[in-house]
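Read the structure below first, then the notes.
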Amino acid sequence: MKFGLGQSAPRVEDQRFLRGGGRYTDDIDLAGQAYAQILRSPHAHARIRSIDVAAARAAPGVLAVWTGADVAADGLGDMPCLAANLVPLARPDGAPIFQPPRPALVRDKVAFVGDYVALVVAESRSQARDAAELIEVDYEELPQNVHTAAASDGAPGVWDDCPDNICFRLEMGDGTAVEAAFAAADHVTRLELPMPRVAVNAMEPRAALGAHDPYEDRYTLYSGNQFPHDMRAWMAEAVLGVPESHLRIVSPDMGGSFGLRANIFPELPLVLWAAKKLGRPVKWTNERSDGILDEQARDFIMTVELALDGDGRFLALRVRNLANLGAYLSNFGPLPAFGNLGGVAGPYLTPAIHAEVLGVFTNTSPTGPYRGAGRPEATSAIEQAIDLAARELGIDRVALRRRNIIPPDAMPYQTALTYNYDCGEFERNMDRALELADAAGFEARRSEARAAGRLRGLGLANSVEQAGGMFDEGSEIRFDRQGNATILMGTHSHGQGHETVFRQLLSDQLGLDFEAMRYVQGDTDLVPYGHGTGGSRVAALGGSAVLAAAGKIIDKGRLIAAHSLEVPEVDIEFADGCFTVVGTDRSLSLQQIAAMAFDPARLPEGMDSGLSGFATFKAPGPTFPNACHIAEVEIDPETGMVRILRYVSVDDVGTVMNPALLKGQLHGGIVQGAGQILGERVLWDDGGQVLTGSFMDYQMPRADEMPLFEIESNPVPSPRNPLGIKGAGEAGTVGAVACLTSAVLDALAPLGIRELEMPATPERVWRAIREAED
């Protein structure tokens, strides 16, 4: 079968996933493997006086017990933080960013509940778990600092060398222009926007299997991750102290990631180190309750100020972002606080913007990227400010947006804060979404709901995000003698459908049947180059690399065809899988050319045998997916329950490779945004104990809480890659967080409620209504 770009081809990978053929890390077993268990800290902040492992070492089946002293003695390096090197960051006094060392196992003190204290390896998983409970640790508890708002305001220091808990301070934009605009403004809207901390709950818990070949002195790590090649580079030299060639990483099927598996968690080098010391493979699989502790996301407090003139035109925007980084800096930990903050510009003509970001330490889990990585927060900041300004000024909120929206003929458009938009039709998105949602009839529906004792709200959010600008990407296409192609990608699919869309692209370019293509990813020994999956980069960068590699196949095939058909190369055209002499019926199929490529006697003199193409692609700049989301919600004032009645979005993600898969991506992203707004949040007590450590207490979104989503595309192809793709992986979440916040506040606005800290749990909504009535 053949499917080209733009068709809703069914996912080929589902044939194995739905029939039990998926192969995840925990499915992989090696001969003679042992099992690891990590002992974690029960305290948020404590000094380790001593560790007694004697009873654990004597337990049945135990092969070894190691502590931080053992790790230090063997010279295993600390976990790296790449984000600290991407942008020059400094503390308020100009000193470099403070980066606390994070060893694989801590030695002197623990800094959050769940910190890695000791490693037990045994013959079975249950024996390792039982032995870990026998380890006696003498802790001296220290004062805890767990609240974001107070972290830099006299709270106990997480690290002795950083007593004020300030990791870095960063300014962006033109502060002088913003001050002048605020001084001249007719109206200023101010609000505080706390973003709750959420746990990254991928369906598949993390797992790692390490092996070591003593003859080659070479490690192999089996573990699902987003960046196999980059992970190898980050971990080999800095942590293991070996060249990249001495480390192979295999990332098999993976049940979701959302930024979680972009981090070098301590278990990754630990299983490799343990495997070498024991001379046998070592496997570790995480528990769900531990996974909730390991890495979390969001946790910002944003202060937003919007200045407007007498006609309701935006003059300036000022944003202050207090970002909780947790106790350590994860690999991309600081990045969400500032890397996508340019999104506060939205699709609006704001002449001056200034932002200040303060990253702080607390005795909590390290934070890192999670679907959107700062984009949802930035969009919420500007969209909530606009909604509030419209209420304060008595201006229709759609009219206020329309008055300030960037027109298509202004593209490319340089915003006042870092982003340079490639293209977009922002107002058209909004007009179509309003039409789909029947916004004109909303007030009548609100009145009906009020008569029935319900509060109804309509939420609106225009979002713009950056995507596809980070690093380059590579692809290789190899043909066999029978004309079957193997696609080798440096990206990694963990649910997005890469195996399908890249087949579609090659079917379009080379005329191949789906059955004639095989897809390979996630093995650094097999795939020559790549940077992985993250930041909505795969379709634009990876797809463009596939396109370029296919071009090299065609170029070589044309030379072989010209040689075989005895005509000049310029007389050969390629279409529908055939090389044809222009104006004749003389042709050779791609399959015939592939067979010839392996016969040196049939090749032009000096040509290498085989038919393959390798290419990389680097974009001249990021792309900017954009959308308008509209949601209608209803609140029961007696219980505080929020119900989503309808959800509409009109998205511009550039060229659409597969409409069905695009909708799947957007549906998933919207649900994750809805989860954050309706219930997801990590809570601690004042001592740093996590109160939401299981799904009994941590509220995940459910299918029966969601409406049927109405999704339309308004594709405006990007000029920044040959396919015109902008990216879609995070778009749903970016719009949903702002849109659903807007809907909830719109429902509560008739009661005089201006702000409500998210998530909008029934208790919070109920209390806000009771207080408003009093």
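The values are calculated or read from the model by the stated rules, or taken from the named source; none is laboratory data. On a predicted model such as this, the values are computed, not experimentally measured, just so you know. A quick note on method: Cβ atoms are made from the backbone with ideal geometry, for glycine too, and the neighbour counts reach across all protein chains shown. Ligands, DNA and RNA are stripped out before the accessible areas are found, and what is left, the full protein with its side chains, is counted by its heavy atoms. Shrake-Rupley method; radii C 1.70, N 1.55, O 1.52, S 1.80 Å.
The single residue among ASP387, ASP409 that is acidic (Asp, Glu), part of a helix (DSSP H, G or I) and in contact (Cβ under 8 Å) with a residue 24 or more places away in the chain turns out to be ASP387. Tell me which residues, restricted to segment 431-482, are over 30 Å from GLU638 (Cβ atoms), of a type in the set (Lys, Arg) and in a helix (DSSP H, G or I). If the condition is that a residue be over 30 Å from GLU638 (Cβ atoms), of a type in the set (Lys, Arg) and in a helix (DSSP H, G or I), then ARG432 is the only one that fits. Take SER587 and tell me if it is open to solvent by 10 Å² or more (accessible area, probe 1.4 Å) and in contact with a Cys (Cβ under 9 Å, 6 or more places away or on another chain). Criteria met by SER587.
Just so you know, in segment 563-584 the residues that are buried (at least 16 other Cβ atoms within 10 Å of the Cβ) and free of Cβ contacts under 8 Å to residues at least 24 places away in the same chain include one that is nearest to the chain's Cα centre (by Cα), and it is PHE574. Here PRO376 does not fit the description of being at pLDDT 95 or above and surrounded by fewer than 22 Cβ atoms within 10 Å (Cβ to Cβ). Those residues that are within 25 Å of the chain's Cα centre (by Cα) and open to solvent by 20 Å² or more (accessible area, probe 1.4 Å), I need them from segment 6-15; list them, please. Residues satisfying the conditions are GLY6, SER8, PRO10, ARG11, VAL12, ASP14. Are any of the residues in segment 418-427 without any contact (Cβ under 8 Å) to a residue 40 or more places away in the chain and open to solvent by less than 20 Å² (accessible area, probe 1.4 Å)? No, segment 418-427 contains no residue that is without any contact (Cβ under 8 Å) to a residue 40 or more places away in the chain and open to solvent by less than 20 Å² (accessible area, probe 1.4 Å).
Please specify each residue of segment 350-409 satisfying the condition of being β-branched (Val, Ile, Thr) and under 30 Å from GLY687 (Cα atoms). Scanning segment 350-409 gives VAL357, VAL360, THR362, THR364, THR367. For segment 301-314, the condition of being under 24 Å from HIS43 (Cβ atoms), surrounded by 23 or more Cβ atoms within 10 Å (Cβ to Cβ) and modelled with pLDDT of 95 or more holds for none of the residues. Scanning segment 697-715 for residues that are open to solvent by 70 Å² or more (accessible area, probe 1.4 Å), assigned to a loop (DSSP other than H, G, I, E, B) and of a type in the set (A, V, I, L, M) turns up just one, LEU708. Comparison of ALA64, ALA84 shows that the only residue that is touching a Pro at 6+ places or on another chain (Cβ under 7 Å) and hydrophobic (A, V, I, L, M, F, W, C) is ALA84. Take the residues of segment 289-299 that are at pLDDT below 90 and among the charged types (D, E, K, R): which is farthest from the chain's Cα centre (by Cα)? If we take residues in segment 289-299 being at pLDDT below 90 and among the charged types (D, E, K, R), then ASP294 is farthest from the chain's Cα centre (by Cα). Which residues, taken from segment 609-641, are under 30 Å from GLY530 (Cα atoms), assigned to a strand (DSSP E or B) and under 24 Å from the mean Cα position of the chain (by Cα)? Residues satisfying the conditions are THR616, PHE617, THR623, ASN626, ALA627.
This table checks each residue for (1) in contact with a strand residue (DSSP E or B) (Cβ under 7 Å, 6 or more places away or on another chain); (2) open to solvent by less than 10 Å² (accessible area, probe 1.4 Å); (3) closer than 30 Å to ASP387 by Cβ.
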residue: ALA449; (1), (2), (3): yes, yes, yes
residue: ARG456; (1), (2), (3): yes, no, yes
residue: PHE471; (1), (2), (3): no, no, no
residue: ASP480; (1), (2), (3): no, no, no
residue: LEU488; (1), (2), (3): yes, yes, no
residue: GLN496; (1), (2), (3): no, no, no
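How many of the residues making up segment 332-357 are open to solvent by 10 Å² or more (accessible area, probe 1.4 Å) and among the hydroxyl-bearing types (Ser, Thr, Tyr)? Going through segment 332-357 one residue at a time, the tally reaches 0.
State all residues of segment 236-252 that are modelled with pLDDT under 95 and either of a type in the set (D, E, K, R) or under 26 Å from ARG298 (Cα atoms) (or both); if no residue qualifies, say none. Answer for segment 236-252, where residues must be modelled with pLDDT under 95 and either of a type in the set (D, E, K, R) or under 26 Å from ARG298 (Cα atoms) (or both): just GLU237.
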